[in-house]
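Read the figures in this text as sums done on the coordinates, not as results from a lab. In this text, all values refer to a predicted model and were calculated from it rather than measured experimentally. Don't worry about glycine lacking a Cβ; one is built from the backbone with ideal geometry, like all the others, and counts go over all protein chains shown.
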Amino acid sequence: QKEVEQDPGPLSVPEGAIVSLNCTYSNSAFQYFMWYRQYSRKGPELLMYTYSSGNKEDGRFTAQVDKSSKYISLFIRDSQPSDSATYLCAMSDSNYQLIWGAGTKLIIKP
Amino acid sequence: GAVVSQHPSWVICKSGTSVKIECRSLDFQATTMFWYRQFPKQSLMLMATSNEGSKATYEQGVEKDKFLINHASLTLSTLTVTSAHPEDSSFYICSAVEVPDTQYFGPGTRLTVL
């Protein structure tokens, strides 16, 4: 079993829909949780950075961490075609080594 | 599933010394590997594309003589930071591409130059 599980997709939704992206993990020591967006042939761009449990909102993006369930989510409201990309979750413990999800390919249809 | 490892995970060195970081794809062959640099809580900055058997392609602004990349086999790429200085202190992350286009990331190497 991988330490971090993420559905690779592709996930295809119509423009304007709310997108929900998720990762599950098995290591209870993880306390830093990140979401990255990666466009083709580009480096991953950090979208959200969360420490421990709770919600964090930034514009159209909301990150949720549920440590009791070992489950993290990224919600995208009012999705746009420009949101089409691969979304990667990553997490780490106090040693800061990043454990990555496989990435979910998201397609927003106009 | 595909796994990418990096070694070492953390290295501290003196200014002026060289440091080699290894990136290995453990259960698949990767003709292409990427090297990234990340500052705290920031996005990954692509430094170079490493292709097995050929010279690496460096992004604009990255000194190829300072960051030497060798992709000697289908499972190993190395990044050597030559004559390291404190400003080179950073988190270096590699990724490996499993054909056709799935990219797997390594856990990163934290470099501290004193």
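Just to check I understand the Karplus step: with θ = phi - 60° and J = 6.51 cos²θ - 1.76 cosθ + 1.60, what whole-Hz values come out for region B:73-78, glycine and proline as x?
With the stated coefficients, region B:73-78 comes to 9, 6, 10, 9, 10, 10 Hz.
Kindly state, as a whole number, the per residue volume in cubic angstrom of the convex hull around the alpha carbon atoms of the protein assembly as shown.
122 Å³
Which ³J(HN,Hα) values in Hz, rounded to whole numbers, follow from the phi angles of region B:90-99 under the Karplus curve 6.51 cos²θ - 1.76 cosθ + 1.60, where θ = phi - 60° and Gly and Pro get x?
5, 10, 9, 10, 10, 9, 10, 9, 8, 3
Could you work out the mean projected area of the convex hull around the alpha carbons of chain B, in square nanometres to one decimal? Display every interim value, and only then the final one.
Numbers: hull surface 26.8 nm².
Taking a quarter of the hull surface, the average projection is 6.7 nm².
From zero up to wherever the largest Cα-Cα distance of region A:48-94 sits, split into 5 Å bins and tell me the percent of pairs in each.
5, 17, 30, 24, 14, 8, 2, 0
How big is the convex hull of the Cα atoms of region A:22-110, per residue, in Å³?
Convex hull of Cα atoms, per residue: 92 Å³.
If you take each beta carbon of peptide B:43-54 and count the beta carbons of other chains within 10 angstrom, what is the mean?
The shielding value for this peptide is 2.
Averaged over A:42-49, how many beta carbons belonging to a partner chain fall within 10 Å of each residue's beta carbon?
Per residue, the number of nearby Cβ atoms from other chains is 5 on average.
Quick check for me: using +1 on Lys/Arg Cβ and -1 on Asp/Glu Cβ, what's the dipole size of region B:1-75 about its Cα centre, in debye to the nearest 20?
Approximately 260 debye in magnitude.
Where does the longest stretch of chain A lie that holds no GluC sites (Glu not before Pro) found in a DSSP loop with 16 or fewer other Cβ atoms within 10 Å?
The answer is A:16-110.
Work out the mean other chain Cβ neighbour count within 10 Å for the residues of B:103-112 and drop it here as an integer.
Mean inter-chain Cβ contacts per residue within 10 Å come to 4.
Taking a Cβ-Cβ separation under 4.7 Å as the criterion for a possible partner, which cysteines of chain B have none?
For chain B, the answer is B:Cys13, because their Cβ atoms have no other cysteine Cβ under 4.7 Å.
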